[in-house]
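The values are calculated or read from the model by the stated rules, or taken from the named source; none is laboratory data. Note that this is a predicted model, so its numbers are computed, not measured. A quick note on method: Cβ atoms are made from the backbone with ideal geometry, for glycine too, and the neighbour counts reach across all protein chains shown. Please note that ligands, DNA and RNA were not included when accessible areas were found on the heavy atoms of the full protein model with its side chains. Shrake-Rupley method; radii C 1.70, N 1.55, O 1.52, S 1.80 Å.
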Amino acid sequence: MPTEATVSVPLEVYRFDPSKDKEPRYQSYRVDVAPHTPVLSVLLKVRAEIDPTLSLRYSCRSAICGSCAMQVNAKSRLACETPVGPEVARHGKIVVEPMRNQPVLRDLVVDQKVFWQKYERIEPHLKVDPRHPMPEGVVNPMTPAQVERFRETPRCIACAACFSACPAVSADPEFPGPMALAKLYRFVVDPRDAETQNRLVRIQTDGLWLCLRCHLCTEACPKDVRPSERIRDLKEMAIAVQGATEPGSRHAIAFEENLRTTGILNEFRLARETYGAAVVKELPQGLRIRRKKPELTKRPHPIDGADEVEKIYDALAPKEPPA
Amino acid sequence: MKLAYYPGCVAQESGKELDLATRWVCRALGIELVPFPNFSCCGSGFVDEANEVLNVAINARNLAIAERAGLDLLTICSTCTGMLTLANHRLADPTVKARVDGALKPLGIEYRGTTKVKHLLRVLVEDVGLTAVKAKVVRPLDGLQVGAFYGCHLLRPSDEMGWESGEEPHAFEDLLAAVGATPVYYRGRVMCCGFPIQFVKGDTASRIAGRQILDAKQHGADAMATPCPLCHISLDAYQNRAEKQVGQRLDLPVFHLPQVVGLALGATPEELGLARHLVPTGPAVAKIRGASSARSTASR
């Protein structure tokens, strides 16, 4: 019976055994617990007292191991640190589902193979220059400023909550995912790593620019790693190393230059410069839109004070002298 | 109420209907919009990718313009809202501030950080208030099921945007209910529209857009409504491409936020620029109970 100090939690738990079931189903349970009880504890109570067949993955119960990431009312969360009270207050129930973007092995347990493959692909280890190996037994201290550049990335516990929340991961197999890119950032800024430039060059054509900067990863991350912001940093560093090499960096640079002298976006010019000769393929769509929106191909008036914008550009993004 | 009006580039160009509808709604609700022809583009997230400090500096200039006039800033685009708000946050870092000041001070521009950036949705919900909006409704949108599409930058990163939940917002649905529409709840409402990678990999971008439109439709939406003209491009102007990616006809009209409010407050479709959409909005407008009589009243 629920008492004043407890909340009666209506649970709807995703159940699926691909070896037996044709399709997944949602099983309802009701458990009375204190409002601060984590979702994980409620699931373990269900398994211990009601239904021993429920499969889930967990270990430390202290938000350190990253094992119990799952979807709680459609949000990717660590079940061990998500209290039931606010969820029931907001939704009237708790729907528990496995993480997204990974195939379900059984119930709440997913196959993390692809997640780890993408992580391996960024080569998540220090690559020291073989000509200058770190001498055995010698401490190699970093300056505080160098440590500062790691930002929040060492906090990552690889729980894959960001991977589950990411719409680019679900729409395109070429996207490495937020966690792999945040880890890549961590090695790119490591002063001991000798492969910084190569790493940046490689990632430019290896999915970096498929990030939508939707920040859903940053919302989902239980450790506040803020992957979307580190992906932004990687983009700027990649451009600094290599300039425009593929559509993403070409578009960012074309956009930057688009505003330099006028202060306002010229939509038509942007398309022309991003697509280059391939803009021809975009013409039918452009004409279709222009029938309703004739401004599409008009050149906008420069803003008042466009010279101020140009001077800000001169100070912070000086034009390179022509070669 | 008097606010510095920051329409952003798209609403002054191919998304002109958003500007029309905003002006109509603000006039009806007594919000005075002060234009500043010297506002520049916010950089749309792309300049931020190429050069973060430059992006902060051009937005510091925009913020300083409103600050000099002693006004808060009204935005009607999620990306503009995000970029201007993030500039305010990044300028709290003394290193960033020093570099930006180095570029602005020689021009006699001073950024102090007192201007708030508020999207129209937030102004309607927090400052005008839903009771006041409701009181002005002359044609409740009875019978119209609308899927609010928040997109990303109005909400996230939520620590910086600082008003709604980044994953479970409700302000837009509250507004829709206040003007008599029935809000449709669907998962895609807080997802991305795909726009940022439209130029990078169009098929992936359109697949992402298509999934959200399909999600809204499968949850019973007669139309979507968006607070962002960039989302509008993805969802409306590129809906034909989204259809190809999800392999089915979608045909779902997409309103700009002030168009939905304007309809309820008595504006005609012409006054809201509805004919400028790629997916016709007529079928959705016709679903409003008593729509035909309302239309004839409006045209008289």
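Couple of notes before you dig in:
- Each of A:GLU308, A:GLU256 has its accessible area taken with a 1.4 Å probe; listed largest first, they run A:GLU308, A:GLU256.
- In this calculation the C-beta distance from A:LEU283 to A:SER59 is compared with R0 = 56 Å, giving a FRET efficiency of 0.50.
- Near B:ALA225, the amide H atoms lying under 5 Å from its own belong to B:GLY147, B:ALA148, B:PHE149, B:PHE255; only residues 5 or more places off or on other chains count, and H is placed 1.01 Å from N.
- Sorting A:TYR26, A:TYR185 on solvent-accessible area from highest to lowest, probe radius 1.4 Å, gives A:TYR26, A:TYR185.
- Counting only Cβ charges, +1 for Lys and Arg and -1 for Asp and Glu, the dipole size of chain B around its Cα centre is about 520 debye.
- Relative contact order of chain B, taken over Cα pairs closer than 8 Å and 6 or more residues apart, is 20 percent.
- Note that chain A shows a convex hull volume over its alpha carbon atoms of 246 Å³ per residue.
- For the residue pairs B:LYS16/B:LYS287; A:LYS292/B:LYS116; A:LYS118/A:LYS298, alpha carbon separations beyond 32 Å are given by A:LYS292/B:LYS116; A:LYS118/A:LYS298.
- As a calculated quantity, the FRET efficiency between A:ARG260 and B:ASP93 at R0 = 30 Å, using C-beta atoms, amounts to about 0.75.
- Label-to-label distance, nm, for residues given as B:TYR185 and A:ARG131 (7 Å Cα→Cβ offset): 6.3
- Under-5 Å amide H pairs with B:THR182, H placed in peptide plane, nonlocal only: B:GLY143, B:LEU144, B:GLN145, B:VAL146
- Theoretical FRET efficiency, 1/(1+(r/R0)^6), r = Cβ-Cβ of A:THR196 and B:LEU107, R0 45 Å, to 0.05: 0.80
- Principal axis dimensions, segment B:156-258 - Cα atoms, whole angstrom, descending: 34, 31, 22
- Distance histogram for segment A:7-110 (every C-alpha pair counted, 10 angstrom bins, percent rounded to whole numbers): 16, 52, 29, 3
- For chain A, Cys with no neighbouring Cys Cβ under 4.7 Å: A:CYS68, A:CYS80, A:CYS156, A:CYS159, A:CYS166, A:CYS211, A:CYS221
- Ordered from largest to smallest accessible area (heavy atoms of protein chains, 1.4 Å probe), the residues B:LYS201, A:LYS319 come out as A:LYS319, B:LYS201.
- Paramagnetic label zone (point 7 Å from Cα along Cα-to-C-beta, A:ALA240; backbone N under 18 Å) in segment A:145-188: A:145-153, A:182-188
- Legend: mean number of C-beta atoms from other chains within 10 angstrom of residue C-beta atoms, peptide B:155-168, equals 4.
- Contact order relative to length of segment A:260-323, as percent, for alpha carbon pairs under 8 angstrom and 6 or more apart: 56
- With both residues required to sit in the protein assembly as shown, DSSP beta bridges show an antiparallel share near 45%.
- Between amide H atoms placed 1.01 Å from N, distances below 5 Å from A:VAL109 occur with no residue 5 or more places distant or on a separate chain.
- Test item: A:307-320 mean partner chain Cβ contacts at 10 Å: 5
- Scalar couplings 3J(HN,Hα) for segment A:60-69, obtained by applying the Karplus form with A = 6.51, B = -1.76, C = 1.60 to θ = phi - 60°, are 7, 6, 10, 6, 10, 7, x, 7, 9, 5 Hz; x denotes Gly and Pro.
- Counting heavy atoms of the protein chains alone, A:ILE94 has an accessible area of about 0 Å² for a 1.4 Å probe.
- Normalising by residue count, chain B has a Cα convex hull of 116 Å³ per residue.
- Karplus 3J(HN,Hα) series, Hz, for segment A:129-136 with 6.51 cos²θ - 1.76 cosθ + 1.60 (x for Gly, Pro): 4, x, 6, 10, x, 5, x, 3
- Beyond 28 Å in Cα-Cα separation lie the following of the pairs A:LYS223/A:LYS319; A:LYS20/A:LYS45; A:LYS235/B:LYS217; A:LYS75/B:LYS97; A:LYS113/A:LYS281: A:LYS223/A:LYS319; A:LYS235/B:LYS217; A:LYS75/B:LYS97; A:LYS113/A:LYS281.
- Segment A:157-272 - percent relative contact order, Cα under 8 Å, separation 6 or more: 25
- Segment A:113-242 shape via C-alpha gyration tensor axes, a/c threshold 1.5: prolate
- Residue-averaged beta-carbon neighbours from other chains (10 angstrom radius) around B:101-108: 3
- Degrees separating the helix A:178-188 axis from the principal Cα axis of chain A, which is the longest one: 60
- Beta-bridge orientation, segment A:7-110: approximately 85 percent antiparallel, per DSSP, counting only bridges with both partners inside.
- Under DSSP loop assignment and at most 13 Cβ neighbours within 10 Å, longest GluC sites (Glu not before Pro)-free interval of chain B: B:111-269
- Across segment A:20-29, rounded Karplus estimates of 3J(HN,Hα) from the backbone phi angles (6.51 cos²θ - 1.76 cosθ + 1.60, θ = phi - 60°) give 10, 8, 6, 8, x, 9, 10, 9, 9, 9 Hz, Gly and Pro being marked x.
- Set against the 2.2 N^0.38 Å expectation for a compact globular protein, the protein assembly as shown has a Cα radius of gyration ratio of 0.99.
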